[in-house]
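Read-outs throughout are calculated quantities, based only on the coordinates presented, and are distinct from any laboratory measurement. All of these numbers come straight from a predicted model, not from anything done at the bench. Methodologically, a virtual Cβ is constructed for each residue, glycine included, from the backbone with ideal geometry; neighbour enumeration extends over all protein chains shown.
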Amino acid sequence: MKYQITFWMLVVAAVILLAGIAIMAGSIQTLLKSKSFQDKKKKNGGDALKTVAVLLMGLLFSGSAFAGGTPEQENPIFEPEMSDIIGMVIVDVLLLFIFIYFQKVFNNLAQELLPAKALKERSPWFKLNKVLTDAVDLEDEETVMMDHEYDGIRELDNNLPPWWKWGFYFTIGFAVVYLLNYHVFQYGDLQYEAYQKDMKIAEEQKQAYLATLSLSVDETNVTQLTDPAEVSKGKSIFKANCAICHGDNAQGNTGPNLTDEHWIYGNDIVNVFKTVKYGTSNGMKAWGDDDLLPNEIQQVASYVMSLHGTFAPGGLPPLGEKRESVTPVTE
């Protein structure tokens with residue numbers, strides 16, 4: 001299904017070009033049979049025969065090229081490959097050149113043999129525009145002029161402007177292509193799929209941005225921050241998120257006292273970091289899910305480490321094992 005729609009669009013283009021070549025050949029044949037051309041033929045000798053020979057060679061070449069470029073279908077469902085796509089592109093380009101050549105020959109013959117108005121009316125574009133828009137030329141406006149007159153002004157019973165109708169036809173064609181692309185062949189992504197892809201790209205960009213800010217800190221590489229500015233940031237995070245359970249001064253509330261010398265889950269930076277990040281079975285939530293960034297957990301863990309042995313007033317009784325202060329892991 002990867003190249004299905006592209007391949008068959010190229011096939012349709014080749015068929016359209018072949019039809020155009022056939023129409024051009026028929027028009028040229030009509031001009032060659034005209035009395036004006038027969039009179040011209042007597043004066044110019046064999047030039048016409050050369051033209052006919054070139055046209056026949058072009059038709060044979062186009063037919064053989066299209067036949068050679070069409071792949072044989074061994075299976076009921078044909079799965080085109082990239083080589084088939086390239087082959088059809090070559091066929092379409094060759095047919096396009098042949099069509100342009102035929103059109104050039106037709107225009108040259110028509111300019112020599114037909115009057116200007118007749119040449120215009122024989123133009124395929126003129127015929128197509130006439131069928132689709134039913135436009136009336138300026139010199140023929142008398143045919144659609146209405147009877148009533150006001151102050152020397154007469155109204156025309158004309159159709160909508162050609163540019164408006166061509167715009168309308170374009171919207172119809174666009175709707176057909178849209179339907180085939182998004183709903184029939186499902187070649188393009190609908191809004192929900194496009195949204196999911198955009199969100200995936202945005203998440204990748206977010207992760208890349210976080211990595212550039214050194215936010216990839218985890219329990220395998222965390223170190224204790226001793227810079228006063230970083231410890232101060234950890235204190236602010238503590239008061240905003242942790243003070244409700246541990247008290248404004250970490251003296252303890254529903255959570256244990258963090259200022260004494262007793263520790264439940266270890267008194268080194270790695271254990272404190274893991275406790276804040278993953279939470280505990282005693283009711284402390286995991287702050288690393290989506291609440292705090294890794295570097296913020298490092299800052300608040302470093303602040304908690306700095307409270308060891310400060311004994312805040314009004315602290316709760318000790319819990320856990322008494323441990324001496326450890327040397328901070330700063331590298």
Exercise for review: Using amide H atoms built 1.01 Å from N in the peptide plane, name the residues 5+ places from TRP263, or on other chains, whose amide H lies under 5 Å from its own.
Suggested key: GLU321, LYS322, ARG323
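Sort HIS308, HIS148, HIS246, HIS183 so that the residue with the fewest other Cβ atoms within 10 Å of its own Cβ comes first and the one with the most comes last. List each step's numbers first, then the result.
On the way: HIS308 18, HIS148 7, HIS246 25, HIS183 11.
Arranged by neighbour count, lowest to highest, HIS308, HIS148, HIS246, HIS183 become HIS148, HIS183, HIS308, HIS246.
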Check your understanding: Non-local amide H neighbours of MET145 (under 5 Å, H modeled in plane, Pro and chain starts lacking H): which ones?
Key -> ASP157
Check your understanding: How large is ³J(HN,Hα) for each residue in the range 310-318, as worked out from phi by the Karplus curve 6.51 cos²θ - 1.76 cosθ + 1.60 (θ = phi - 60°), to whole Hz, x for Gly and Pro?
Key -> 7, 6, 5, x, x, x, 5, x, x
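Order these peptides, 194-202, 232-240, by their mean beta-carbon neighbour count within 10 angstrom, highest first.
Peptide ranking by packing, descending: 232-240, 194-202.
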